[in-house]
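S.K.: The structure that follows is given in the form of structure tokens.
Values in this text are rule-based calculations from the coordinates and carry no lab data. Fair warning: this is a prediction, and the values are worked out from it, not measured in the lab. Note: ideal-geometry Cβ built from the backbone for every residue, glycine included; neighbour counts use all protein chains shown.
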Protein chains: 2
Amino acid sequence: MKIAVVAPSCTLSREAAARVEAIVAARGDCVLSIHAQCFESDGHFAGNDAVRLAALREVMADASVDAVWFARGGYGSNRIAEAAASEIPDAARSKLYLGYSDAGFLLAAFHRAGLEVAHGPMPQDMLRDGGEVAVHRALDWIVRRDPASLEPGLTGPAMAFNLIVLSSLLGTAIEPDFTGRELLVEEVSEQHYRIDRTMFHVTGSAAVRRAAGLRLGRASDVPENDPEFGNDEEAIVRDWCARSGLEYRGRADIGHDAGNRVVPFG
Amino acid sequence: MKIAVVAPSCTLSREAAARVEAIVAARGDCVLSIHAQCFESDGHFAGNDAVRLAALREVMADASVDAVWFARGGYGSNRIAEAAASEIPDAARSKLYLGYSDAGFLLAAFHRAGLEVAHGPMPQDMLRDGGEVAVHRALDWIVRRDPASLEPGLTGPAMAFNLIVLSSLLGTAIEPDFTGRELLVEEVSEQHYRIDRTMFHVTGSAAVRRAAGLRLGRASDVPENDPEFGNDEEAIVRDWCARSGLEYRGRADIGHDAGNRVVPFG
């Protein structure tokens with residue numbers, strides 16, 4: 001089992017990489033290949049678009065690679081997602097692709113293209129409180145599809161996204177088919193008024209309204225709303241689900257934290 | 001000429017209201033009717049949805065009102081825009097509606113419904129540096145359609161929006177028809193990576209790609225991007241226009257400042 005790590009968004013921390021490599025060595029059930037591109041830096045990004053796309057295409061086309069693990073989020077995978085999802089080599093079709101946050105753009109584009117993708121922890125999560133648990137959870141899923149890694153409420157086909165990432169891909173060439181899927185969303189560092197505005201947009205989409213229902217993960221590091229918004233994130237999400245006719249199905253165990261459970265796209 | 005002021009988003013400052021009333025009294029060419037709802041407060045909003053919608057509907061239906069001037073932005077007009085744009089009374093059809101920023105949701109919904117709308121300064125702008133000039137510019141447009149108020153580069157049908165507001169209404173029931181219109185966008189308080197992400201979304205829309213072209217207003221109070229993003233807002237917008245085939249037509253004289261010129265929707 002060979003796992004390739006590439007960084008389609010921002011630069012991976014050397015410390016996180018070293019600690020994840022140590023975990024993998026101790027486990028002994030897989031081999032980790034961290035692409036040198038993960039440590040490149042070009043402004044906001046882990047290398048410019050061409051560099052990030054080339055690294056991603058390289059590991060997609062490598063028949064010896066069983067899984068592609070996105071190094072971290074941040075911002076930038078949307079800039080190469082449409083290109084990466086076009087002209088997919090055969091070798092890319094027998095792999096799993098795992099990540100979340102900004103990597104959601106790739107999860108969407110690749111699911112749309114028929115690849116196996118899952119929303120779950122990434123190597124950079126090693127630096128979070130309890131990050132080792134998150135990294136093991138991701139590896140348990142990648143290596144042996146351990147059911148213990150799964151988000152516990154999954155009952156049918158599902159998809160999971162960071163809320164603003166989901167909003168930002170609606171209507172674009174990488175929008176996946178939500179029909180009949182349960183949609184799990186989580187958010188980080190967005191004020192309540194912004195979460196409300198994004199929920200307006202997401203639930204206003206005819207495509208999203210074809211989803212089976214919606215569950216809310218954690219909204220963490222919510223900056224202060226001045227004045228107090230008046231509703232918390234669950235009330236906001238309930239409200240927009242009710243307005244749009246989308247079924248609200250309760251909370252989900254995903255978020256920008258070490259507790260983030262795995263959601264395979266179905 | 002009677003101008004009604006309502007606040008579909010956030011609460012109007014008493015100071016701004018008093019200073020705008022003084023300007024109107026000194027001008028002597030119009031009468032200002034600031035609805036009491038402008039000073040209500042309910043969490044983030046100038047009254048709850050029902051209160052804001054009722055005030056808006058009241059002035060729309062009032063045949064003695066010649067223009068509806070949105071008090072200020074902030075956030076919240078999207079929560080009542082679809083309702084306000086349905087069942088439009090006849091009296092609402094002979095008025096001008098003016099505002100910008102969050103009020104863009106109403107400009108979109110009302111233009112879609114066939115009403116006369118324009119993007120331009122609002123009463124709360126009185127508190128900006130040089131705000132008096134902005135207020136006079138808005139009143140000159142409302143009272144006598146003074147060409148001097150207009151954004152100077154307009155050559156054909158146009159629309160103007162705050163960028164994140166435009167992004168948030170795409171695909172919803174209030175999306176207007178962009179076909180053949182020049183699209184002017186401005187932004188405030190968004191980091192460069194967010195502007196890039198929003199431009200990805202906006203230019204990824206098939207509806208937006210039917211616009212005649214795009215011009216960029218000011219992006220003000222851009223928070224620091226850590227690390228430095230690598231491109232400024234104009235390079236970002238040029239890039240996404242080039243990628244999407246939308247013609248980039250240069251800068252526009254609009255923004256969250258006293259220089260904000262008027263853009264009637266055509």
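S.K.: Projected area of region B:44-171, taken from the Cα convex hull and averaged over every viewing direction, in nm²?
M.R.: Its Cα hull, projected and averaged over all orientations, spans 8.4 nm².
S.K.: Then there is this: Between the helical axis of A:233-244 and the dominant principal axis of chain A, each derived from Cα atoms, what acute angle in degrees is found, rounded to the nearest 10?
M.R.: 70 degrees
S.K.: If you average 1/r across every pair of different Cα atoms in chain A and take the reciprocal, what Kirkwood value do you get, in Å?
M.R.: That comes to 18.4 Å for chain A.
S.K.: Run the label-point distances for A:E87 please: 7 Å along Cα to Cβ, every other copy, nanometres, shortest first.
M.R.: Here the equivalent label points are 5.6 nm apart from this one.
S.K.: Name the chain A residue nearest the rotation axis between A and B, going by Cβ position, and give the distance in whole Å.
M.R.: That would be A:G171, 2.
S.K.: Okay, next question. So if I place +1 on the C-beta of Lys and Arg and -1 on the C-beta of Asp and Glu, and nothing else carries charge, what would the dipole magnitude of region B:75-223 be about its Cα centre? I want it in debye, nearest 20.
M.R.: For region B:75-223, the charge dipole is close to 300 debye.
S.K.: Quick one: Kirkwood hydrodynamic radius for region B:1-85, alpha-carbon pairs, angstrom, one decimal?
M.R.: Taking every pair of different Cα atoms in region B:1-85, averaging 1/r and inverting gives 12.9 Å.
S.K.: Here is a further query. Give the lysines whose C-alpha is closer than 22 Å to that of B:K2, dropping any in the same chain fewer than 8 places away, or say none.
M.R.: Of all the lysines, those that pass the test against B:K2 - Cα under 22 Å, at least 8 places apart if same chain - are B:K95.
S.K.: OK, next. Give the separation of the Cα centroids, region B:174-251 to region A:95-110, in Å.
M.R.: 25 Å
S.K.: Choose one of B:A113, B:G99, B:L32: the residue whose Cα lies farthest towards the positive end of the charge dipole of chain B (beta-carbon charges +1 Lys, Arg; -1 Asp, Glu; about the Cα centre).
M.R.: B:A113
S.K.: Give the Rg/Rh ratio for region A:134-266, taking Rg as the radius of gyration of the Cα atoms and Rh as the Kirkwood radius, to two decimals.
M.R.: Expressed as Rg/Rh, it is 0.97.
S.K.: Could you line up B:L107, A:L214 from fewest to most neighbouring Cβ atoms inside 10 Å?
M.R.: Least crowded to most crowded, the residues run A:L214, B:L107.
S.K.: Charges at C-beta only: +1 for Lys and Arg, -1 for Asp and Glu. How large is the resulting dipole of the protein assembly as shown about its Cα centre, in Debye rounded to 20?
M.R.: Charge dipole, the protein assembly as shown, about its Cα centre: 1160 debye, nearest 20.
S.K.: Could you give me D for region B:90-145, from Stokes-Einstein at 10 °C and 1.306 mPa s, where the hydrodynamic radius is the Kirkwood radius over C-alpha pairs? Units µm² s⁻¹, please.
M.R.: Result for D is 134 µm²/s.
S.K.: Using a Gaussian network model of chain A whose springs link C-alpha atoms within less than 10 Å, name the residue from A:D42, A:D66, A:D177 with the highest mean-square fluctuation.
M.R.: Taking springs between Cα atoms under 10 Å, the residue moving most is A:D42.
S.K.: Another question about this same structure. Considering only A:A18, A:A212, A:A26, give the residue with the highest GNM mean-square fluctuation for chain A, with springs between Cα atoms whenever their separation is below 10 Å.
M.R.: A:A26
S.K.: Inter-copy label distances at B:E58, 7 Å along the Cα→beta-carbon direction, one decimal in nm, shortest first?
M.R.: Taking the point 7 Å beyond Cα along Cα→Cβ, the inter-copy spacings are 6.6 nm.
S.K.: Tally the DSSP beta bridges in region B:1-147 and give the antiparallel ones as a percent, rounded to 5.
M.R.: Approximately 5 percent, going by the DSSP bridge assignments.
S.K.: Please name whichever of A:W240, A:P264, A:F229 sits farthest to the positive end of the charge dipole of region A:209-266, dipole taken about the Cα centre and charges placed at Cβ: Lys and Arg +1, Asp and Glu -1.
M.R.: The Cα lying farthest towards the positive end belongs to A:P264.
S.K.: Which three extents, in whole angstrom, do the alpha-carbon atoms of the protein assembly as shown cover along their principal axes, largest first?
M.R.: Dimensions of the protein assembly as shown along the principal axes of its Cα atoms: 83, 43, 34 Å.
S.K.: Could you tell me how many degrees, from 0 to 90 and to the nearest 10, lie between the Cα long axis of helix B:49-61 and the main elongation axis, the longest principal axis, of the Cα atoms of chain B?
M.R.: Once rounded, one gets 70 degrees.
S.K.: With no solvent and one equal point scatterer placed on each C-alpha of region B:167-222, evaluate the Debye formula and give log10 I(q)/I(0) for q = 0.22, 0.24 Å⁻¹, two decimals.
M.R.: Taken in order of the listed q values, log10 I(q)/I(0) reads -0.91, -1.04.
S.K.: Another question about this same structure. Take peptide B:198-211, look around each residue's Cβ out to 10 angstrom, count Cβ atoms belonging to other protein chains, and average those counts.
M.R.: That average works out to 3.
S.K.: Let me have the 222 nm mean residue ellipticity of chain B computed from DSSP H runs of 4+ only, each contributing -39500 (n - 2.57), with the sum over all residues rounded to the nearest 500.
M.R.: Only helices count here, giving -10000 deg cm²/dmol.
S.K.: Compute the helix-to-body angle for A:192-203: its Cα long axis versus the longest principal axis of chain A, expressed 0 to 90° and rounded to tens.
M.R.: 90 degrees
S.K.: What list do you get for B:Y100, B:Y248 if you sort them by fewest beta carbons within 10 Å?
M.R.: Fewest-to-most Cβ neighbours within 10 Å comes out as B:Y248, B:Y100.
S.K.: Sticking with this structure for a sec: Considering only DSSP beta bridges whose two residues both sit in the protein assembly as shown, what percent are antiparallel, to the nearest 5?
M.R.: If I count the DSSP bridges inside the protein assembly as shown, around 10 percent turn out antiparallel.
S.K.: Okay, next question. Order of B:C10, B:C38, A:C241 from fewest to most other C-beta atoms within 10 Å?
M.R.: With the sparsest Cβ surroundings first, the list reads A:C241, B:C10, B:C38.
S.K.: Shifting gears a bit: With just the Cα atoms of region B:110-195, tell me how far they stretch along each of the three principal axes, in Å, largest first.
M.R.: The principal-axis extents, from largest down, are 36, 33, 23 Å.
S.K.: Now for a different question. For region B:115-220, calculate the relative contact order in percent as a whole number, restricting contacts to Cα pairs under 8 Å that are 6 or more residues apart.
M.R.: Dividing the mean separation by the residue count of region B:115-220 yields 23 percent.
S.K.: Now for a separate question. So if I place +1 on the C-beta of Lys and Arg and -1 on the C-beta of Asp and Glu, and nothing else carries charge, what would the dipole magnitude of chain B be about its Cα centre? I want it in debye, nearest 20.
M.R.: 660 debye
S.K.: Using a Gaussian network model of chain B whose springs link C-alpha atoms within less than 10 Å, name the residue from B:A84, B:A207, B:A25 with the highest mean-square fluctuation.
M.R.: Of B:A84, B:A207, B:A25, the Gaussian network model singles out B:A25 as fluctuating most.
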